[in-house]
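Enquirer: Quick one: this structure, given as structure tokens, is what I'll be asking you about.
The values are calculated or read from the model by the stated rules, or taken from the named source; none is laboratory data. Fair warning: this is a prediction, and the values are worked out from it, not measured in the lab. We place every Cβ from the backbone using ideal geometry, glycine too, and count neighbours over all the protein chains shown.
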Ligand SMILES: Nc1ncnc2c1ncn2[C@@H]1O[C@H](COP(=O)(O)OP(=O)(O)O)[C@@H](O)[C@H]1O
Ligand SMILES: [Mg+2]
């Protein structure tokens with residue numbers, strides 16, 4: 001069958017306009033991952049179908065909000081608000097009017113928000129035009145729960161689209177530089193500001209602090225996952241996650257010394273893969289180590305954030321990390337660099353400008369040394385933005401969150417020069 005014919009055929013298969021919604025085979029629908037969905041309906045019947053679908057066990061991980069008002073109200077709603085992973089728009093419009101309306105919607109939606117349109121005309125032309133313009137699917141009302149659910153799972157579990165979740169790994173250029181603190185705050189910011197589901201995994205099994213910083217004491221977590229690789233699937237993952245906030249799920253470290261933690265290179269691959277299928281954002285807090293498995297996690301992450309303080313050893317380590325990562329990931333953007341604990345009283349520091357020059361990288365954020373606010377937040381098991389909502393530091397976390405989720409970009413200023421690094425003899429060795 002030609003592609004065109006197949007498309008027509010698929011479309012006809014889903015034709016439910018004849019009367020009552022036919023109940024497709026719900027059993028064939030795969031579990032829908034941790035996505036956020038906002039629907040804007042025009043008719044009671046469609047809004048009821050979406051509500052019923054949302055309450056089905058296969059949608060249990062997704063967070064669904066059903067509102068009325070169709071396309072116009074979606075545009076108004078999203079103007080000031082973060083957009084979900086999926087928006088479902090019921091619209092009786094067609095042709096120019098529909099396309100203009102969707103154009104307005106596109107202006108207020110994030111690039112990665114997917115759109116399903118539910119229309120009232122069983123017309124393959126509308127379907128083709130919408131799909132050609134970036135709409136993920138066009139369904140015809142009245143529709144069945146199975147139709148809607150398989151459309152959703154087709155979008156988010158499509159193997160051709162790659163995994164749903166972006167992996168963001170955080171590592172310090174030295175121990176104690178604040179990498180974990182920044183990692184947890186950024187995870188919290190993404191989950192609370194963008195209302196995107198986040199899995200935060202603490203890979204520092206012996207000494208991890210995510211459980212303390214997020215005021216959680218889950219009985220199990222990452223250890224269970226890493227020691228049962230054969231059992232690792234989305235059901236086990238669900239059991240191991242501790243819910244910290246509406247959209248924030250923690251895979252906590254045991255943080256005990258009952259055993260030693262030695263892992264093979266691929267020990268964490270499966271966990272990351274399962275987490276990626278189940279959540280749009282997967283954040284990994286790495287310990288300050290260079291082992292086969294930390295290198296492996298860094299090689300497969302979509303985004304890397306290196307935290308450093310303005311000292312010489314940090315500079316040397318950051319340079320080594322950045323160079324090695326460029327070798328391991330030749331087709332990826334450079335990692336993001338966060339300068340932290342800047343301005344410790346009486347400490348001789350390298351200026352940020354001198355620090356970043358030899359790295360040929362612009363800092364994503366410069367965070368001052370502020371023991372009062374960091375100490376208070378950590379003692380209270382709070383994030384910085386909770387402890388002090390007006391803090392500038394909270395805004396830095398917000399900017400890092402925007403960078404790693406692709407909502408903002410760093411403008412690169414090209415300035416070369418080895419500067420301080422020549423002291424460390426780190427310039428590339430000439431081959432003899
Ligand atoms: N900008 C800062 N000012 C003051 N203290 C900070 C700052 N950033 C982090 N800290 C503190 O430094 C300590 C080490 O932080 P942590 O995130 O555990 O570091 P790492 O993960 O790099 O080892 C924590 O007590 C944390 O509260
Ligand atoms: Mg740490």
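Enquirer: Name the one entry in 186, 177, 226 that is part of a helix (DSSP H, G or I) and either over 20 Å from the mean Cα position of the chain (by Cα) or away from ligand 1 (no atom under 14 Å from the Cβ) (or both).
Expert: Details: 186 fails: either over 20 Å from the mean Cα position of the chain (by Cα) or away from ligand 1 (no atom under 14 Å from the Cβ) (or both); 177 fails: part of a helix (DSSP H, G or I).
Just one listed residue meets the conditions, 226.
Enquirer: Turning to a different aspect of this structure: Out of 345, 310, 287, I need the residue that is assigned to a loop (DSSP other than H, G, I, E, B), touching a helix residue (DSSP H, G or I) at 6+ places or on another chain (Cβ under 6 Å) and within 13 Å of ligand 1 (Cβ to nearest atom). Which one?
Expert: Values: 345 fails: touching a helix residue (DSSP H, G or I) at 6+ places or on another chain (Cβ under 6 Å); 287 fails: touching a helix residue (DSSP H, G or I) at 6+ places or on another chain (Cβ under 6 Å).
Of the residues listed, the single one that is assigned to a loop (DSSP other than H, G, I, E, B), touching a helix residue (DSSP H, G or I) at 6+ places or on another chain (Cβ under 6 Å) and within 13 Å of ligand 1 (Cβ to nearest atom) is 310.
Enquirer: Any residue that is surrounded by fewer than 18 Cβ atoms within 10 Å (Cβ to Cβ) and near ligand 1 (Cβ under 10 Å from one of its atoms) - is there at least one of those in region 234-251?
Expert: no
Enquirer: For region 158-174, which residues satisfy the criterion of being surrounded by fewer than 24 Cβ atoms within 10 Å (Cβ to Cβ), over 12 Å from the mean Cα position of the chain (by Cα) and touching a residue at least 24 places away in the same chain (Cβ under 8 Å)?
Expert: Scanning region 158-174 gives a single hit, 174.
Enquirer: Test of understanding: among 205, 200, which residue is within 16 Å of ligand 1 (Cβ to nearest atom), part of a strand (DSSP E or B) and assigned by TED's automatic domain parsing to the domain that holds residue 385?
Expert: It is 200.
Enquirer: May I pose another question? Within region 144-165, identify whether any single residue is within 16 Å of ligand 1 (Cβ to nearest atom) and under 30 Å from residue 367 (Cα atoms), and answer yes or no.
Expert: No, the conditions are met nowhere in region 144-165.
Enquirer: Return the total of residues in region 367-382 being within 8 Å of ligand 1 (Cβ to nearest atom), in a helix (DSSP H, G or I) and touching a helix residue (DSSP H, G or I) at 6+ places or on another chain (Cβ under 9 Å).
Expert: 4
Enquirer: Regarding residue 111, is this residue surrounded by 21 or more Cβ atoms within 10 Å (Cβ to Cβ), within 19 Å of residue 155 (Cα to Cα) and out of contact with any strand residue (DSSP E or B) (no Cβ under 8 Å at 6 or more places or on another chain)? Can you show your working first?
Expert: Details: surrounded by 21 or more Cβ atoms within 10 Å (Cβ to Cβ): no; within 19 Å of residue 155 (Cα to Cα): yes; out of contact with any strand residue (DSSP E or B) (no Cβ under 8 Å at 6 or more places or on another chain): yes.
So residue 111 fails the test.
Enquirer: Right, another one. So residue 271 passes all but one of these: (1) in a loop (DSSP other than H, G, I, E, B); (2) out of contact with any strand residue (DSSP E or B) (no Cβ under 6 Å at 6 or more places or on another chain); (3) crowded, with 24+ Cβ neighbours inside 10 Å. Which condition number does it fail?
Expert: Unmet condition: (1).
Enquirer: In this structure, does residue 197 turn out to be crowded, with 17+ Cβ neighbours inside 10 Å and within 16 Å of ligand 2 (Cβ to nearest atom)?
Expert: No, not satisfied.
Enquirer: State whether the residues of region 313-325 include one that is surrounded by fewer than 21 Cβ atoms within 10 Å (Cβ to Cβ), in a loop (DSSP other than H, G, I, E, B), away from ligand 2 (no atom under 16 Å from the Cβ) and in the same structural domain as residue 186 (by TED's automatic domain parsing).
Expert: no
Enquirer: Still on this model: Residues in region 98-108: is at least one surrounded by fewer than 19 Cβ atoms within 10 Å (Cβ to Cβ) and not in a helix (DSSP H, G or I)?
Expert: no
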